[in-house]
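**Q** Quick one: the structure is below, and I'll ask about it shortly.
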Amino acid sequence: MKQLTRFAADYVGYVLKGGTKFYAWMGSLAVLMIGMMYVFYLQNTEGLIVTGMTSQIHDGLYFANLVFLVGVAAGAVTIVFPAYVYHHEGMHKVAVLGEMLAITAVIMVMMFVFAHMGRPDRLWHMIPPWGIYSFSSMLGWDVLVLNGYLFLNLVCGFYYLWVKYTGGQVNKKWFMPLVYIAIVWALSIHTVTAFLISTMPARPMWFHSMMPIRFISTAFAAGPALIILIFMIVRNNTKFWVDDSAIKLLATIVTWCLGIALFLTMSEVVVELYARTEHANGLYYLMFGLHGLTNLVPWFWSAVVLMVGAFILFLMPRFRNDMKLLPIPCVMAFAGIWIEKGMGLIVPGFIPTPIGEVTEYYPSFVEWLLTLGIWAFGFFILTILLKGAIGILQGEIKYGAAK
Amino acid sequence: MTPNETPQACPAQEQPAGCPVPPASADPAACAPKTSRRDFLKAGGTLSLSSLMGAGALMAQSDDAHAAAEWAEHFQKNYRLMTDKEKDEARLRLEKRYSAEYGKKVTVDTTGPQPGVLMGYALNIRKCIGCRRCVHACVEENNQSRGKRPGEKIEWIQVLRMERGEFSKERMNQGYPEGLGIQVGGNAYTPAGQVLEGQYHYNPETVPEKDANYMPIACMQCEKPPCVKVCPVRTTYREGDGVVVIDYNWCIGCRMCMGACPYWARRFNVANPVLPKEEMNPVTHYLGNRPRMRGVVEKCHWCLQRSRHGRYPACVEVCPVGARKFGNLLDPNSEVSLVLARKNVFRLKAELNTFPKFFYFYD
Ligand code: SF4
Ligand code: SF4
């Protein structure tokens, strides 16, 4: 028990210490978070009328980010899997950082759930025994698997850190099974999120069984792309060194998952546009516009350019192997997928509506600020979690060391 | 069928206990609950958390009674799982709050489904003239929001205007793509009779228009409702008489149901509904037309406040050409059963297996 309080105290003490750069970073994030709280308050007194959502297009920026971030959370498995299943040296060293990213992403997803709901004050209605759990609802399952994933990563991540802190040995008897469960669980969270939208025949654009695999392939491209960027920042700003081998393996994973994602997108485009039934209207709207409304067309094509460009760059050894240039395709892939899988997937699902009405969606300032605020909050906790984890891995936080 | 056929009460139903007079036709006060406030407080031997708060609100005859009542509403259960006593408390709480808010005696009916009744609806698509009286009658009857800002104006019925289309001789030979001169398709006509490409924002001087026909659409009260399947908190469900309802106090506003509904029947309250006091209909049903709140979903419920008391829904009553038929599907002599037996009927998007209890027909 005493050890535990010391751990908490040491952890917090270490995390709070930092240079001006650290405080400036955290401070500017905090400013955005305050903005977020204000618009969240506005949304829950005025109603969602302050957003761009309507009865026609009732899922927007929040839902898009939610879907995307579930992917980032699942993407952390691209570190954990090679580390524990293939015993990859470089990865093993940083596996816990992947778990910290997963924790952050799931927390952000939860925040987007709150932002999305019309009545966040009633969310307890989903939780038994006070509320009702509905087994037929994909949203119910999604919340369940997400919380399970959060729990698994908290346990695995912090147990590992705790062991490092006390200088003991990992108890493989229960730690390893838990890690394996977490790996499979990562797939489940994104699969269920895909089912969330692909099980609605009312929305033909989403109603196909390719959705889960598309989600997973884009997740395993966007997730590690973000991780590479984070590792670069960690390498350059802390004493912690992430091996080239780990980064290169991640780059390979991004490349091939991105390739698969592009292939799946192409298949969808061919199938839908060749037959060109009314069911293809959503996709057609996204690619070319419908009835003169073309809001998302530039989004779609920029996503295509970013993703294809990133794929080509990843294939070129000059970019793949040069740690200075590698961040470029990573940023491109991440941004491209954020567009394609976020707004580019969610919004056209509602266009046209099931009775043929074509309307457009304009995210309001409130939505942008709230979204930005949640991302800021995400980076805020990620910074804390990574800093603590790195401190422990480096041996700077150690039981009985500091006084 | 003449347009002015007098509506007959739909199949014999038992009179609901505690509400001897069909409320909509009579003085709403006649339907006030019989139990007095004191009786109800005395009866409360085993008060739940919610009823305690509700009781607190009722006892406190102070200014914040209103706030307390609202507070208690936060902790009530899903309507479906409430005991009769809890339903009564919830009803009293609401009646008190609404009456204060709208400055008139508001009743909240909790009459349940009547045995032997399965409600059904049939619409004569040939007769509809697109006047949209049903739309407006529905808004008035069911206390929809009627604000000015986008999203604040809610209508449950949409009358889709559909082009009759145009077939032209000049364009007979315009194929696409023309390439080698071998025609792979044609452009000889503009879409005719295309379901679901309709427009409901039409504004002609007179209806019906020569070049259009009309297709009204609202909640189909599906027998296998996809909206119910996706609701994570079971706040929208099928009642015993076949109507799909929403407990507005339990809805978390996730809008999954709106995504799942193939008929775009559901509307979201983006703001506090705009409902002027004088226009508010004080005869309400808990699962039906009682005033809603910000952040929840609503839709057509076949006027439970009327239909459970043997009356027609407002849209049926108002339709000037008698295009709308309503009744008990289990009674072979009800109008809707007769339509199903004798006319050509079809259901919209039947391929989705939602099994609507709303049928279209033509003579
Ligand atoms: S029409 Fe839509 S809202 Fe009505 S029961 Fe069917 S799925 Fe539900
Ligand atoms: S919006 Fe309300 S009724 Fe619709 S699925 Fe969500 S909780 Fe259920």
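**Q** Considering the range A:1-81, what Rg and Dmax in Å follow from its alpha-carbon atoms?
**A** Looking at the range A:1-81, its Cα Rg and Dmax stand at 19.3, 57 Å.
**Q** Starting from the range A:224-314, pick out the trypsin sites (Lys or Arg not before Pro) whose DSSP state is loop and whose Cβ has at most 13 other Cβ atoms within 10 Å.
**A** Working: sites: A:Arg235, A:Lys239, A:Lys248, A:Arg276; in loops: A:Lys239, A:Arg276.
Hits after loop and neighbour filter: A:Lys239, A:Arg276.
**Q** Here is a follow-up. In a Gaussian network model over chain A where Cα atoms closer than 10 Å are linked, find which of A:Ala219, A:Ala280, A:Ala389 has the largest mean-square fluctuation.
**A** Of A:Ala219, A:Ala280, A:Ala389, the Gaussian network model singles out A:Ala280 as fluctuating most.
**Q** Within the range A:294-351, list the trypsin sites (Lys or Arg not before Pro) lying in a DSSP loop whose Cβ has at most 10 other Cβ atoms in a 10 Å radius. Walk me through the numbers before you get to the answer.
**A** Values: sites: A:Arg318, A:Arg320, A:Lys324, A:Lys341; in loops: A:Lys324.
Loop-located and lightly packed - A:Lys324.
**Q** Further question: Counting partner chain Cβ atoms within 10 Å of every residue's Cβ in A:192-203, what's the average? Spell out each step's value before the answer.
**A** Details: counts 0, 0, 0, 0, 3, 2, 0, 5, 9, 8, 13, 4.
Mean shielding count: 4.
**Q** Test of understanding: what is the full-extension gain from A:Leu372 to A:Tyr38, defined as 0.36 nm times their sequence separation minus their Cα-Cα distance?
**A** Values: separation 334, 0.36 × 334 = 120.24 nm, distance 1.26 nm.
Extra length available between A:Leu372 and A:Tyr38 comes to 119.0 nm.
**Q** Further question on the same structure: Just how large is the dipole of the protein assembly as shown about the Cα centre, in debye to the nearest 20, putting +1 at every Lys and Arg Cβ and -1 at every Asp and Glu Cβ? Please list the in-between numbers first.
**A** Working: 72 positive and 57 negative charges, 313 e Å.
For this selection, approximately 1500 debye.
**Q** Straight-line reach from B:Lys343: which lysines fall under 19 Å, measuring Cα to Cα and dropping same-chain residues less than 8 apart?
**A** B:Lys127, B:Lys325, B:Lys357
**Q** ³J(HN,Hα) across the range A:197-207 via Karplus (A = 6.51, B = -1.76, C = 1.60, θ = phi - 60°), whole Hz, x for Gly/Pro?
**A** Per residue, the Karplus-derived 3J(HN,Hα) values read 9, 8, 9, 10, x, 5, 10, x, 4, 9, 7 Hz.
**Q** For n ≥ 4 DSSP H runs only, could you compute -39500 (n - 2.57) per run for chain A, divide by its residues and tell me the 222 nm figure to the nearest 500?
**A** Values: 15 runs with 287 residues, N = 403.
Here the helix-only value at 222 nm equals -24500 deg cm²/dmol.
**Q** Follow-up question, since we're still on this one. Leaving ligands, DNA and RNA out of it, work out the accessible area of A:Tyr23 with a 1.4 Å probe and give it in Å² to the nearest 10.
**A** So the heavy atoms of A:Tyr23 present about 120 Å² to solvent.
**Q** Hey, what D do you get for chain A in µm²/s if you plug the Kirkwood alpha-carbon radius into Stokes-Einstein at 37 °C and 0.692 mPa s?
**A** Estimated via Stokes-Einstein, D reaches 148 µm²/s.
**Q** Kindly compute the accessible surface that chains A and B hide from a 1.4 Å probe when together, both sides summed, and give it to the nearest 100 Å². Present the calculation step by step, with values, prior to reporting the outcome.
**A** Working: alone 18360 and 18240 Å², together 32740 Å².
Chains A and B together bury roughly 3900 Å² of accessible area.
**Q** Also, quick follow-up: Given R₀ = 35 Å, FRET efficiency for A:Glu46-A:Glu278 by Cβ-Cβ distance, to 0.05?
**A** On the way: r = 36 Å, r/R0 = 1.04.
The pair A:Glu46/A:Glu278 has a calculated efficiency of 0.45.
**Q** Give me D for the range A:92-139 in µm² s⁻¹, whole number, from Stokes-Einstein with Rh from the Kirkwood sum over alpha-carbon pairs, 10 °C and 1.306 mPa s. Walk me through the numbers before you get to the answer.
**A** Values: Rh = 12.9 Å.
Translational diffusion coefficient: 123 µm²/s.
**Q** Follow-up. Kirkwood hydrodynamic radius, the range A:276-387, all distinct C-alpha pairs: what's the number in Å? Could the numbers behind the result be given before it?
**A** Details: mean 1/r = 0.0613 Å⁻¹.
For the range A:276-387, the Kirkwood estimate is 16.3 Å.
**Q** Same structure, new question: Checking the cross-link filter: which aspartates and glutamates have an alpha carbon closer than 16 Å to that of B:Lys85, excluding same-chain neighbours under 8 positions apart?
**A** B:Asp39, B:Glu73, B:Glu95, B:Asp109
**Q** So for the range A:56-159, what percent of the C-alpha to C-alpha distances run longer than 22 Å?
**A** Working: 2114 of 5356 pairs.
The calculated P(r) of the range A:56-159 puts 39 percent of pairs beyond 22 Å.
**Q** With just the Cα atoms defining each centre, how far is the range A:244-290 from the range B:231-295? Give it in Å.
**A** Here the answer is 37 Å between Cα centres.
**Q** Counting only DSSP beta bridges with both residues in the protein assembly as shown, what percent are antiparallel, rounded to the nearest 5? Each step should come with its number before you reach the end.
**A** Working: 24 of 31 bridges.
So the antiparallel bridges amount to about 75 percent of the total.
**Q** Cross-link candidates for B:Lys148: which lysines have Cα within less than 24 Å, leaving aside residues fewer than 8 places away along the same chain?
**A** Correct list for B:Lys148: B:Lys277, B:Lys299.
**Q** Taking the Cα centre of the protein assembly as shown as the origin and placing charges on Cβ (Lys, Arg +1; Asp, Glu -1), which of B:Gly112, B:Cys131, A:Asn147 is farthest toward the positive end of the dipole?
**A** A:Asn147
**Q** So for chain A, taking the charge dipole from beta-carbon charges (+1 Lys/Arg, -1 Asp/Glu), which of A:Gly13, A:Val85, A:Leu262 sits furthest toward the positive end?
**A** Going by the Cα projections, it comes out as A:Gly13.
**Q** Rounded to the nearest angstrom and ordered from largest down, what semi-axes does the equivalent ellipsoid of the protein assembly as shown get from its C-alpha gyration tensor (root of 5λ)? Could you put the intermediate results ahead of the total?
**A** On the way: eigenvalues 531, 267, 82 Å².
The equivalent ellipsoid of the protein assembly as shown has semi-axes of 52, 37, 20 Å.
**Q** Let me ask another. At a probe radius of 1.4 Å, what is the per-residue accessible area of B:Ser168, in Å² to the nearest 10?
**A** 20 Å²
**Q** Considering only the other residues whose Cβ falls under 13 Å of the Cβ of B:Val207, what net charge follows from Lys and Arg at +1 and Asp and Glu at -1? Walk me through the numbers on the way to the answer.
**A** Numbers: positive: B:Lys127, B:Arg132, B:Arg133, B:Arg161, B:Lys210; negative: B:Glu205, B:Glu209, B:Asp211.
Residues close to B:Val207 contribute a combined charge of +2.
**Q** Moving to a separate point now. Separation of the range A:82-144 and the range B:111-126 by C-alpha centroid, Å?
**A** First find each Cα centre; the distance between them is then 43 Å.
**Q** In square nanometres, what is the average projected area of the Cα convex hull of the range A:208-353?
**A** Numbers: hull surface 36.9 nm².
Average projection, Cα convex hull of the range A:208-353: 9.2 nm².
**Q** Under a 1.4 angstrom probe, counting protein chains only, how are B:Ile125, A:Ile57, A:Ile181 ranked by accessible area, largest first?
**A** Of B:Ile125, A:Ile57, A:Ile181, the descending order of accessible area is A:Ile181, B:Ile125, A:Ile57.
**Q** How many lysine pairs does chain A hold where the Cα atoms are under 19 Å apart and the two sit 8 or more places apart or on different chains?
**A** 26
**Q** Tell me, how many Å apart are the Cα centres for the range A:23-59 and for the range A:299-375?
**A** First find each Cα centre; the distance between them is then 21 Å.
**Q** Follow-up question, since we're still on this one. What's the extension gain from A:Met1 to A:Ile181 if we count 0.36 nm per residue and subtract their Cα-Cα distance? Working shown, then result.
**A** On the way: separation 180, 0.36 × 180 = 64.80 nm, distance 2.81 nm.
In short, 62.0 nm is gained.
**Q** Translational diffusion coefficient, Stokes-Einstein: compute it for the range B:206-363 using the Kirkwood radius over C-alpha pairs as Rh, at 4 °C and 1.567 mPa s, and state it as an integer in µm² s⁻¹.
**A** Working: Rh = 17.1 Å.
The estimated diffusion coefficient comes to 76 µm²/s.
**Q** Any idea which of B:Ala341, A:Leu161, A:Ala64 is furthest toward the positive side of the dipole for the protein assembly as shown, if Lys and Arg beta-carbons carry +1 and Asp and Glu beta-carbons -1?
**A** In the protein assembly as shown, that residue is A:Leu161.
**Q** Further, regarding this structure: Just subtract the alpha-carbon distance of B:Arg164 and B:Gln199 from 0.36 nm times their residue separation and send over the number in nm, one decimal. It would help to have the intermediate numbers written out before the result.
**A** On the way: separation 35, 0.36 × 35 = 12.60 nm, distance 1.27 nm.
Gain on extension, B:Arg164 to B:Gln199, equals 11.3 nm.
The values are calculated or read from the model by the stated rules, or taken from the named source; none is laboratory data. These numbers come from a predicted model, not from an experiment. Using ideal geometry, Cβ is built from the backbone for each residue, glycine included, and neighbour counts are taken over all protein chains shown. These area figures cover heavy atoms from the full protein model, side chains too; ligands, DNA and RNA do not enter into them. Shrake-Rupley method; radii C 1.70, N 1.55, O 1.52, S 1.80 Å.
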